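Encoded as structure tokens, the structure appears first; notes follow it.
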Amino acid sequence: MDYQHIEIRKDGPIATLTLNRPEKLNALNRRIMQEIIHAARSFGTDTETRVVIFSGAGKHFCAGADLSAGDAEDERPDVSTRLKLRRSLSLGADLVSAIYGMDQITIAAIHGAALGGGACMVTACDFRIGAEGSFCGYPEVNRGMNLQWVGLPLCVHLIGPSRAKRMIALGRNEDAATLLDWGFYDEVVPRDELLERAMAMARDYADQPPIAAQMIKQSVNAVVSALDRSIMHMDRDQWMLTAGTDDYREGIKAFFEKRKPEFKGN
């Protein structure tokens, strides 16, 4: 695949995948999501790379799903029936699952915002290093929708049920200090030291025996994620339900009008 919105740089056993759509705050449209999925899966045949760092170009790691503009005509899925719509909604879950399922150790280097789908991406990584001043959040509920992309259980694994309910149900951004205290972040460093610290952590894991390290990662993920699919297989259906409500339409309208939405439960 010819990548337009991501860049991959390799330095020995360490690769850095950078979201490179800074003019859109690295917001996720279908094209960049397809590129990330392709890249993540391509590492499955790469036995030389032992660690992959995920980062973002520009002011933010990732502002989440791109709600500001439609995709190019040739990239739009066929949603002419409910069945085709439901199948088209798998892309986000495929993205997060592709990152979560990578053999290599993965590290998210987060600066600025990691929101919505961006927050789902970083929770799919093995470790998260946040820059001072960075923040994460799940604004979906403020748009009248559920959290999709198998992101809910990943958040619960990191910070527990009570804090996950608070973070997801209130839809508020949490700052770096709070995220570190909760265990969402593993470390917080000055902005100008972020990539250097991510690279240092990457070298520590790259020095470990790769077969053992990757088996440990896969086993831990299997233990904590054993029941994830028991509910998250239907997050597409939850979105189809919420997307048909007046509250969803009000949430999206309020977002573009930059005002607080008025939800009525319809």
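Worth a mention:
- Of the helices (runs of 4 or more DSSP H) lying entirely inside the stretch 190-266, those carrying at least 3 residues that are of a type in the set (A, V, I, L, M, F, W, C) and over 28 Å from LEU180 (Cβ atoms) are 210-224, 235-242, 246-257.
- Residues of the stretch 77-103 satisfying the condition of being of a type in the set (S, T, N, Q) and not in a loop (DSSP other than H, G, I, E, B): SER88, SER97
- Within the stretch 242-255, one or more residues are within 30 Å of GLY101 (Cα to Cα), at pLDDT 90 or above and hydroxyl-bearing (Ser, Thr, Tyr).
- Test: ASP78 is acidic (Asp, Glu), surrounded by fewer than 19 Cβ atoms within 10 Å (Cβ to Cβ) and within 14 Å of the chain's Cα centre (by Cα): no
- Residue list for the stretch 1-53, restricted to those being acidic (Asp, Glu) and not in a helix (DSSP H, G or I): ASP2, GLU7, ASP11, ASP46, GLU48
- Residue check, ALA213 surrounded by 12 or more Cβ atoms within 10 Å (Cβ to Cβ) and touching a Cys at 6+ places or on another chain (Cβ under 9 Å): no
- The set of residues from the stretch 158-177 being in a helix (DSSP H, G or I), buried (at least 17 other Cβ atoms within 10 Å of the Cβ) and not β-branched (Val, Ile, Thr) comprises LEU158, ARG163, ALA164, MET167, ALA176.
- Scope the stretch 40-57; condition more than 17 Å from CYS120 (Cα to Cα) and under 17 Å from the mean Cα position of the chain (by Cα); matching residues: ARG41, ALA57
- Of all the criteria given as (1) out of contact with any Leu (no Cβ under 9 Å at 6 or more places or on another chain); (2) closer than 28 Å to GLU132 by Cα, the one not satisfied by VAL188 is (1).
- The set of residues in the stretch 104-135 being farther than 15 Å from LEU154 by Cβ, in contact with a Ser or Thr (Cβ under 7 Å, 6 or more places away or on another chain) and assigned to a loop (DSSP other than H, G, I, E, B) consists of GLN104, HIS111, GLY112.
The values are calculated or read from the model by the stated rules, or taken from the named source; none is laboratory data. These numbers come from a predicted model, not from an experiment. Heads up, the Cβs are rebuilt from the backbone with ideal geometry, glycines too, and the neighbour counts pull from every protein chain shown.
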